[in-house]
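Single-structure report; data block below.
Bear in mind that the values in this text are calculations on the coordinates, not laboratory data. From a predicted model like this one, the values you see are computed outputs, not experimental measurements. Counting neighbours? That spans all protein chains shown, and the Cβs are built from the backbone with ideal geometry, glycine included.
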Amino acid sequence: MIEIVQLDDIDKRILFELERNARLADVKLAKIVKKSKDAVRYRIKTLEKTGVITGYKTWIDMAKLGFKSATLYLNLLYIPSKKEKMIEFIKNDPKTYWIGVAEGAWNIGVSYFVKSNEELFQLKHTLISKFRDIILDVKMTYLVSVSVHEKNFLVDETTKLTSFTETIDNVDLDGMSKKILANLYWNATENIATLADKLDTTIDIVRNRIKNLENEGIIIRYSAVIDYQKIGYEFHKAFVYLKQCDSEFLKKLHAYVAQSKVIINLVKQIAPWDFELVLFTRNFAEYDEALGHFTQTFATQVQKIESATMAVDIIFPCSKLPF
């Protein structure tokens, strides 16, 4: 049983601001929440100690570096010991970008960043061959794009969608840029001077490389990693099958998600379904209500929706990046 951490409005605002910019200066954050810099630092330390904030990571658009993403969604026989072995195997694979464990439409999801279809073929069949005795069904999806907005269920504020991974590029990074990017991924709040010292280079070089990575769209956002279960939220995925899809519908769909305080991510995929929605709710009733409203709004387009409630959600579980 997860012990829920109670937050006041100031804590929620701090989380909201750090989730969308973890490198926000303390003095600016203090001004936003109308508290002293020391008071803000104390609250952040408390959020870290209670496990609400678990780290600070940099969002990277891997498509800019020539990677494409594919996800396997697996339905399993209920054999807990073998399921745990599979989870550990996936976590330890340096090619694994994401692993999710859920109940509902699927049991385990695993995403890979790959450079070729042959690489994906090998990863898929290695996993299936090793755990064929408990895998009942496999669905494969290819990522087209992800559209996200800040967690505006924490504060009463309108946010806009940020979309990325629309097209595959092949930006050629030198060794220094890769090291900077890797360090910032694991600690988005890393001080530039500290990073320069660690990499045995100058502050100006680090600052310029970071600015270039931002301008090229490789760095998307610096974000606090928040355990939303700790503050009373459930994490769901909904897989939307459409009857029809045109440009007018896509425009309305993006506008709908942008204003929603429940639907946080909109994922376009080449898959048996057409879109994946990521939702954060207080309980299943709230989730059910949100899906009902979504279905009614797009009644002429939506054919059916499948759901999964997330128990585990880990990005880069093996603590390695693919470049």
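Coupling constants for segment 56-66 follow from the phi torsions by the Karplus curve (6.51 cos²θ - 1.76 cosθ + 1.60, θ = phi - 60°), and in residue order they are 9, 10, 9, 6, 10, 7, 5, 5, 5, 9, x Hz; glycine and proline get x.
Helical runs assigned H by DSSP (4 residues or longer) give the chain a calculated mean residue ellipticity at 222 nm of -11500 deg cm²/dmol, each run adding -39500 (n - 2.57) before division by the residue total.
Applying both filters, DSSP loop and at most 15 other Cβ atoms within 10 Å, to the chymotrypsin sites (Phe, Trp or Tyr not before Pro) of segment 10-81 gives Tyr78. Summing +1 for each Lys or Arg and -1 for each Asp or Glu among the other residues whose beta-carbon sits under 13 angstrom from that of Ile79 gives +2.
Relative to the Cα centre, what is the charge dipole magnitude of the chain, using +1 at the beta carbon of each Lys and Arg, -1 at the beta carbon of each Asp and Glu, and rounding to the nearest 20 debye?
So the magnitude is around 460 debye.
Dividing the mean sequence gap of close Cα pairs (under 8 Å, 6+ apart) by how many residues segment 149-258 holds gives a relative contact order of 23 percent.
As a ratio to 2.2 N^0.38 Å, the alpha-carbon radius of gyration for segment 254-323 is 1.31. Counting beta carbons within 10 Å around each of Ser223, Ser163 and listing the fewest first gives the order Ser163, Ser223. From the list (i) 16.3; (ii) 17.7; (iii) 19.6, can you say which value of mean projected area of the Cα convex hull in nm² was derived from the structure given? Read-out taken from this structure: (ii).
Can you give the relative contact order of the chain as a percent, counting alpha carbon pairs under 8 Å and 6+ residues apart? After rounding, I find 28 percent. The amide H of Gln269, built 1.01 Å from its N in the peptide plane, has Val144, Glu276 as neighbours under 5 Å, considering only residues 5 or more places off or on other chains. Residues whose amide H comes within less than 5 Å of that of Val312, counting only those at least five positions distant or on another chain, are Val101 (H built at 1.01 Å from N in the peptide plane). Once backbone amide H atoms are built at 1.01 Å from N, Gly232 has Val5 as its partners under 5 Å, excluding neighbours fewer than 5 places away on the same chain.
Over all other residues within a Cβ to Cβ distance under 15 Å of Trp273, the charged ones net out to +1, with Lys and Arg as +1 and Asp and Glu as -1. Taking Lys and Arg as +1 and Asp and Glu as -1, the other residues whose beta-carbon sits under 13 Å from that of Gln229 total -2.
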